[in-house]
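So the structure is just underneath, and the comments pick up after that.
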Amino acid sequence: AFAATSHRPLHGKHILVTAGPTHEPIDPVRYIANRSSGRQGFAIAAAAAESGAQVTLVAGPVTLETPQGVTRINVETARQMQAAVEQALPADIAIMVAAVADWRAADQAEQKIKKKGDAPAPLELSENPDILAGLASHDQRPGLLIGFAAETENIIAHAEAKLARKGCDWIIANDVSGDVMGGMSNSVHIVRSDGVESLDTLPKEQVARLLVERIADHVAQN
Ligand code: CTP
Ligand code: CA
């Protein structure tokens, strides 16, 4: 029994993961999006499932296969992602890896917008809901709420500011100044109110396993 538990340290936990970009349509053929392959989020969902958790993966538009044992919900826009996340509650742990588009087109054209005149049509934007901040103040707030922050400079300082601003428990600060976007490796820092742990640059699968280990340690201590 001991061996079974130690290999499946997250057994009995429901873990919610978001991954990939969101697409915000402008018209039927164009959209606004962030650069995101979804690989890191899918690897975390896979590692959590391997650790025995029940995993719900809310995925934006990506071309990845669903990891074994993971329940996947596909969405396109930030607002759909928020609705799917709230539908999936309650969760013990939420890990928001998705690169959510901060803005969407204020109006979505029903027909393809045509070039006309000399100047391009201005694009009016509206701000999307902050899914992570919404979970932080939700009455079914997950016991452990983890955000990701892709940064190109002042990585730790930006992550610490986000930790405070968003009301989550940890921020995984992702150094995207190099060749991380769409790549197979990742360089992350685990930023918590009590300190920062920097991991080596590692394949995304290995980053995922280490993060899930840290989560299992946290669960064991709380
Ligand atoms: N996030 C979210 N909903 C949004 C934007 C971001 O849930 N509308 C989540 C992301 O999934 C991530 C975390 O918030 O876990 C940080 O995202 P990031 O884009 O770094 O934060 P922002 O507050 O949008 O700040 P920035 O201006 O740097 O983009
Ligand atoms: Ca953002």
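The values are calculated or read from the model by the stated rules, or taken from the named source; none is laboratory data. No experiment lies behind these values; they were computed from the predicted model shown. Because the Cβ atoms are built from the backbone with ideal geometry, glycine has one as well, and the counts that use them run over all protein chains shown. Heads up: the accessible areas ignore ligands, DNA and RNA and are worked out on the full protein's heavy atoms, side chains in. Shrake-Rupley method; radii C 1.70, N 1.55, O 1.52, S 1.80 Å.
What the table shows:
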item: Scan of the range 116-139 for residues that are in a loop (DSSP other than H, G, I, E, B), over 17 Å from the mean Cα position of the chain (by Cα) and either of a type in the set (D, E, K, R) or closer than 23 Å to Q221 by Cβ (or both), ordered by number; result: K116, D118, E124, D139
item: Only listed residue being in contact (Cβ under 8 Å) with a residue 24 or more places away in the chain and more than 12 Å from E24 (Cα to Cα), chosen from A78, A105, A121, A98; result: A98
item: Flag for P142 being open to solvent by less than 90 Å² (accessible area, probe 1.4 Å), assigned to a loop (DSSP other than H, G, I, E, B), touching a helix residue (DSSP H, G or I) at 6+ places or on another chain (Cβ under 7 Å) and more than 12 Å from ligand 1 (Cβ to nearest atom); result: yes
item: Cβ pairs under 9 Å, 6+ apart, first in the range 33-48 and in contact (Cβ under 8 Å) with a residue 24 or more places away in the chain and of a type in the set (F, W, Y), second within 16 Å of ligand 2 (Cβ to nearest atom) and in a loop (DSSP other than H, G, I, E, B); result: F42/G20; F42/V97
item: Close pairs from the range 1-26: first within 17 Å of A48 (Cα to Cα), partner aromatic (F, W, Y) and at pLDDT 95 or above, Cβ under 6 Å, at least 6 apart; result: A19/F42
item: Subset of the range 67-103 [of a type in the set (V, I, T), closer than 14 Å to V17 by Cα and touching an Asp or Glu at 6+ places or on another chain (Cβ under 9 Å)]; result: V100
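So that you can scan it fast, the table gives a plain yes or no per residue for (1) on the phi > 0 side of the Ramachandran plot; (2) open to solvent by 30 Å² or more (accessible area, probe 1.4 Å); (3) more than 13 Å from ligand 1 (Cβ to nearest atom); (4) in a loop (DSSP other than H, G, I, E, B):
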position	(1), (2), (3), (4)
S6	no, yes, yes, no
R35	no, yes, no, yes
A48	no, no, yes, no
V55	no, no, yes, no
L64	no, yes, yes, yes
P67	no, no, yes, yes
V85	no, no, no, no
